[in-house]
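The values are calculated or read from the model by the stated rules, or taken from the named source; none is laboratory data. Note that this is a predicted model, so its numbers are computed, not measured. For neighbour counting, all protein chains shown are included, and Cβ atoms are generated from backbone atoms with ideal geometry for every residue, glycine included. Note: accessible area is taken over every heavy atom of the protein model, side chains too, but ligands, DNA and RNA are not part of it. Shrake-Rupley method; radii C 1.70, N 1.55, O 1.52, S 1.80 Å.
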Amino acid sequence: MDYKFVPLRNWLLEREALSIRKLEDNCKMPRDTLRHFLNERRDFPERHYESLLKELVKYGFHRD
């Protein structure tokens, strides 16, 4: 796993109430992309990183 994604993964895992499927839909990424990433089955695709960050800022995520 790329270490720049670790804070993102930790942040998402701490927020159980967020809908992973809805995040994927809002970011126009394939279903289960985040689920596989959170369960450490696959790395997170770089091409979806910026769209996910823009969406998560709405929920209080801060880019460090």
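When restricted to residues that are in a helix (DSSP H, G or I), touching a helix residue (DSSP H, G or I) at 6+ places or on another chain (Cβ under 6 Å) and open to solvent by 90 Å² or more (accessible area, probe 1.4 Å), the range 1-46 contains 1.
Looking only at the range 47-60, filter to residues that are within 20 Å of Y3 (Cα to Cα) and more than 11 Å from the chain's Cα centre (by Cα); which one of those is surrounded by the fewest Cβ atoms within 10 Å (Cβ to Cβ)? Even if it seems obvious, please write down each step before you answer.
Taking the range 47-60 first, the residues within 20 Å of Y3 (Cα to Cα) are 47-54, 56-57.
Next cut, more than 11 Å from the chain's Cα centre (by Cα) only: 47, 57.
Numbers: R47: 8, V57: 11.
Of everything passing the filter in the range 47-60, R47 is surrounded by the fewest Cβ atoms within 10 Å (Cβ to Cβ).
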